[in-house]
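*Asks:* Below is a structure I'd like to ask you about.
The values are calculated or read from the model by the stated rules, or taken from the named source; none is laboratory data. Bear in mind that the values here come from a model prediction, so they are computed numbers and not experimental data. A quick note on method: Cβ atoms are made from the backbone with ideal geometry, for glycine too, and the neighbour counts reach across all protein chains shown. These accessible areas exclude ligands, DNA and RNA; they are computed on the full protein's heavy atoms, side chains included. Shrake-Rupley method; radii C 1.70, N 1.55, O 1.52, S 1.80 Å.
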Amino acid sequence: MSLIDDRLTFAVGPPALPDETLFSWCSRYHRLTANALDRWTCMQLFGHCRQGSAHDIPARLNVLAQRTKGLIGQPLEIIRGRTLLPFYLPFKVKTVADAAIEHVCHEGIGSLKYRLGMLTSGMGAAHPLKICPACLEEARDLYGWSYWRRVHQMPGVWICPTHRTFLHCSSWKSQSAHRFAWGLPTKVGCKPVASLDHADGRLFEWMIRVARTSMATLDARPSSFDDPQRIALVFRRRFQQIGLASESGRVRWGDVRCELLSRVADIQAIPEMSHKATEALLAAQLSRLLTGRALAHPLRYVVWIACWFDSFSAFSGAYAQTHSEPTDIGETTAEDPPQTSAANRQQLAQTLLRLGHMSSTAIARQLGVTPHTIAAWAAAGNIATPRRPKKLDGQQWQGIVTLLREGHDKASVAHSHDIAESTVTRILRSVPGLQLEWHRVRHEQARAEARQAFQAVATLLGPLGIKAIRRMIPSAYAWLYRNDRQWLQEKSDERRSRGSNHAVQRIQQADQALSSTVRSVAAAIAADLPRFTFEDMKRSVPALGKAVRYPNRWPLTVMALGEVFRANAPRSASLIPS
């Protein structure tokens with residue numbers, strides 16, 4: 001390792017090519033240095049035998065910039081210009097974006113793949129390597145190299161923006177054997193996507209539209225569009241412009257569903273979304289977007305922007321124009337309700353209720369909200385408001401409140417009193433402290449049920465490990481992991497401390513069995529072949545390879561090998577790999 005460190009005291013490597021990914025540059029460096037193993041190159045560049053070898057979002061960029069003396073840029077320049085991370089940041093909040101950049105500069109994003117939407121979107125975290133055959137030939141003629149272009153690797157990009165031809169795809173990097181390997185594109189290793197072979201002109205133009213929208217996200221700053229409420233307002237206003245929503249902003253879902261039905265085939269043509277583009281799934285995702293809830297994967301935003309806006313810049317401009325600052329609370333009348341934020345109106349309502357000069361109905365009329373909203377705001381401020389019973393008398397009301405304090409679910413309470421579930425929700429929100437008490441009791445009940453299920457299955461499975469328990473009760477285990485992790489960790493540590501999976505015993509038994517096999521096989525071979533080598537043994541017992549690689553784990557087997565070769569011939573032992 002000292003030799004490698006000495007070689008890195010000066011800037012090494014070729015200059016970066018236009019739009020070249022970091023993975024491509026490292027692969028060319030690997031070729032130029034003629035390193036025999038991929039991990040040697042990774043160690044030289046990133047100071048680690050594996051971290052940094054990812055082709056989409058690498059790690060340890062601080063080490064890379066230091067060792068190459070900024071030959072291809074500083075860490076932030078590398079992130080912005082040679083990785084796919086900028087695609088994921090514009091729609092994420094600042095804390096997530098900053099954490100992602102920090103992790104990429106050091107030890108990798110790790111669990112941040114979940115927060116970036118790669119693992120929860122259903123589209124997977126893998127980014128297949130893609131090339132344009134025409135670009136490949138041009139690069140070889142101009143630079144003497146074929147290389148991976150970043151624009152081709154973008155999610156949603158399946159057409160070369162330069163040559164307007166469909167990209168070819170390689171599954172090489174997704175194979176476990178090549179997960180940490182370096183490589184450059186070849187025509188033989190990249191194949192066309194079968195579903196795009198017979199695309200007509202309309203589908204071709206749609207794929208170009210999606211590709212341009214996806215590429216435009218690279219120019220957006222991190223967290224530029226991190227407010228899902230503003231995004232929802234932008235889309236609703238766009239729907240008003242194209243006749244898919246009324247002037248009040250109500251979406252005309254009948255017309256929207258007809259539009260979606262005509263776009264299903266187009267969206268299914270995008271390989272990443274081919275299994276996530278049924279009419280029902282698209283309607284659910286669009287409903288989530290229009291109600292101000294964040295979408296997990298940025299590609300979903302890209303597709304909806306390509307569907308309803310002329311360009312990404314049109315969406316960006318509309319997003320900037322929707323921003324409005326809340327005004328101060330001033331004197332208001334019933335004819336002129338205050339144009340203030342919900343938080344300010346809630347605070348004003350609580351102040352007026354405490355003064356006691358106005359009824360809840362009068363306050364609701366003045367603030368432009370419903371009396372039910374005033375009741376909920378009063379309960380949030382621990383202010384009791386007088387009831388005006390219409391359907392429920394005092395005894396029924398008290399019975400419902402009692403059931404809710406005991407933690408019964410709203411549906412069962414509604415059924416037992418023959419009322420709507422929405423009525424139960426209003427009671428829950430209007431009685432001071434009731435909602436917090438109900439959530440606390442429900443949480444305790446769920447915790448008790450999850451713990452009981454865990455302990456019951458743990459007793460049933462006996463010595464089996466945590467993985468077996470998780471498979472038996474996935475929902476209970478997930479609840480404990482999210483809400484009661486300390487207890488779960490304690491129980492998991494208890495099982496590990498007892499050695500419940502008997503891993504040591506299993507390894508010892510396997511070592512004993514393999515050593516017996518070595519002796520019996522050696523005796524059989526010696527009957528026909530007086531002089532034999534380790535390779536002769538290995539062809540009959542392939543498991544000997546791991547015994548030689550990890551001799552400390554297989555002491556009996558190594559001892560048996562020594563005995564066999566010493567008995568066979570004194571010089572044969574030298575043929576055993578060290």
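*Asks:* Taking the conditions exactly as written (of a type in the set (S, T, N, Q) and outside any loop (DSSP other than H, G, I, E, B)), does residue 195 satisfy them or not? Walk me through it before giving the result.
*Replies:* Numbers: of a type in the set (S, T, N, Q): yes; outside any loop (DSSP other than H, G, I, E, B): yes.
Judged against the criteria, residue 195 is a match.
*Asks:* Right, something else. What single numbered condition from (1) under 28 Å from residue 297 (Cβ atoms); (2) in contact with a His (Cβ under 8 Å, 6 or more places away or on another chain); (3) surrounded by fewer than 20 Cβ atoms within 10 Å (Cβ to Cβ); (4) in contact (Cβ under 8 Å) with a residue 40 or more places away in the chain fails to hold for residue 103?
*Replies:* Here residue 103 clears every test but (2).
*Asks:* Might you let me know whether the stretch 232-239 holds any residue that is closer than 30 Å to residue 81 by Cβ and not polar (S, T, N, Q)? Working first, answer last.
*Replies:* Within the stretch 232-239, the subset closer than 30 Å to residue 81 by Cβ is 234.
Now narrow it down to the ones that are not polar (S, T, N, Q): 234.
Within the stretch 232-239 (the criterion being closer than 30 Å to residue 81 by Cβ and not polar (S, T, N, Q)), the answer is yes, since at least one residue qualifies.
Table: residues versus (1) more than 17 Å from the chain's Cα centre (by Cα); (2) open to solvent by 20 Å² or more (accessible area, probe 1.4 Å).
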site: 71; (1), (2): yes, yes
site: 95; (1), (2): no, yes
site: 108; (1), (2): no, no
site: 117; (1), (2): no, no
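*Asks:* Still on this model: Would you confirm whether any residue within the stretch 389-396 is over 25 Å from residue 482 (Cα atoms) and at pLDDT 85 or above?
*Replies:* No, there is no match, as no residue in the stretch 389-396 is over 25 Å from residue 482 (Cα atoms) and at pLDDT 85 or above.
*Asks:* A further question on this structure: Tell me which of these residue 369 doesn't satisfy, since it passes every other one: (1) modelled with pLDDT of 70 or more; (2) within 30 Å of residue 219 (Cβ to Cβ).
*Replies:* Among (1) modelled with pLDDT of 70 or more; (2) within 30 Å of residue 219 (Cβ to Cβ), residue 369 violates only (2).
*Asks:* In addition: Please count how many residues of the stretch 129-168 are out of contact with any His (no Cβ under 8 Å at 6 or more places or on another chain) and in contact (Cβ under 8 Å) with a residue 60 or more places away in the chain. Steps first, please.
*Replies:* Keep residues of the stretch 129-168 that are out of contact with any His (no Cβ under 8 Å at 6 or more places or on another chain), which gives 136-147, 149-152, 154, 156-159, 161-166, 168.
Subsequent filtering for residues that are in contact (Cβ under 8 Å) with a residue 60 or more places away in the chain retains 139, 143, 145, 147, 149-151, 154, 156, 158.
So the answer is 10.
*Asks:* Only residues in the stretch 355-375 that are at negative phi count as the first member; pair them with residues that are crowded, with 17+ Cβ neighbours inside 10 Å and not in a helix (DSSP H, G or I), Cβ under 6 angstrom, at least 6 apart or cross-chain, and list the lot.
*Replies:* Short answer, once both residue conditions are applied: 360/385; 375/385.
*Asks:* Of everything in the stretch 430-444, what is without any contact (Cβ under 8 Å) to a residue 40 or more places away in the chain, open to solvent by 70 Å² or more (accessible area, probe 1.4 Å) and of a type outside the set (Asp, Glu)? Give them in sequence order.
*Replies:* Keep residues of the stretch 430-444 that are without any contact (Cβ under 8 Å) to a residue 40 or more places away in the chain, which gives 436-442, 444.
Checking which are open to solvent by 70 Å² or more (accessible area, probe 1.4 Å) leaves us with 436, 439-440, 442, 444.
436, 439, 440, 442 - these are the residues of the stretch 430-444 that are without any contact (Cβ under 8 Å) to a residue 40 or more places away in the chain, open to solvent by 70 Å² or more (accessible area, probe 1.4 Å) and of a type outside the set (Asp, Glu).
*Asks:* Suppose the filter is in a helix (DSSP H, G or I), open to solvent by less than 50 Å² (accessible area, probe 1.4 Å) and closer than 25 Å to residue 476 by Cα; does residue 403 pass it?
*Replies:* On the way: in a helix (DSSP H, G or I): yes; open to solvent by less than 50 Å² (accessible area, probe 1.4 Å): yes; closer than 25 Å to residue 476 by Cα: yes.
Answer is yes for this residue.
*Asks:* Looking at (1) open to solvent by 20 Å² or more (accessible area, probe 1.4 Å); (2) touching a Leu at 6+ places or on another chain (Cβ under 9 Å); (3) farther than 16 Å from residue 13 by Cβ; (4) in a helix (DSSP H, G or I), which is the one condition that is false for residue 63?
*Replies:* Going through the list (1) open to solvent by 20 Å² or more (accessible area, probe 1.4 Å); (2) touching a Leu at 6+ places or on another chain (Cβ under 9 Å); (3) farther than 16 Å from residue 13 by Cβ; (4) in a helix (DSSP H, G or I), residue 63 breaks only (3).
*Asks:* Among the residues of the stretch 236-262, count how many are in contact with a strand residue (DSSP E or B) (Cβ under 9 Å, 6 or more places away or on another chain) and within 21 Å of residue 312 (Cβ to Cβ).
*Replies:* The total comes to 5.
*Asks:* Follow-up. Looking only at the stretch 217-247, count every residue that is in contact (Cβ under 8 Å) with a residue 60 or more places away in the chain, assigned to a helix (DSSP H, G or I) and either polar (S, T, N, Q) or open to solvent by 30 Å² or more (accessible area, probe 1.4 Å) (or both) and tell me the total.
*Replies:* Going through the stretch 217-247, the residues in contact (Cβ under 8 Å) with a residue 60 or more places away in the chain turn out to be 217-218, 220-226, 228-235, 237-239, 242.
When the remaining residues are screened for being assigned to a helix (DSSP H, G or I), the result is 217-218, 228-235, 237-239.
After this cut, where a residue has to be either polar (S, T, N, Q) or open to solvent by 30 Å² or more (accessible area, probe 1.4 Å) (or both) as well, the list is 217-218, 228-230, 233, 237-238.
The qualifying residues number 8.
*Asks:* So, one more: List the helices (runs of 4 or more DSSP H) that sit entirely inside the stretch 412-499 and contain at least 2 residues that are among the β-branched types (Val, Ile, Thr).
*Replies:* Values: elements: 421-430, 434-461, 466-472, 474-483, 485-497.
The qualifying helices (runs of 4 or more DSSP H) are 421-430, 434-461, 466-472.
*Asks:* If you go through the stretch 44-55 one residue at a time, how many are crowded, with 23+ Cβ neighbours inside 10 Å and outside any helix (DSSP H, G or I)?
*Replies:* Residues meeting the conditions: 3.
*Asks:* Continuing with this model, one more query. Do we find a residue being in contact with a Cys (Cβ under 8 Å, 6 or more places away or on another chain) and more than 28 Å from residue 93 (Cα to Cα) anywhere in the stretch 262-273?
*Replies:* Yes, the conditions are met somewhere in the stretch 262-273.
*Asks:* Please enumerate the residues belonging to the stretch 144-177 that are of a type in the set (Gly, Ala, Ser) and either within 19 Å of residue 22 (Cβ to Cβ) or outside any loop (DSSP other than H, G, I, E, B) (or both). Give the steps one after another, and end with the answer.
*Replies:* Just the residues of the stretch 144-177 that are of a type in the set (Gly, Ala, Ser), to begin with: 144, 146, 156, 170-171, 174, 176-177.
The answer is 146, 170, 174, 176, 177.
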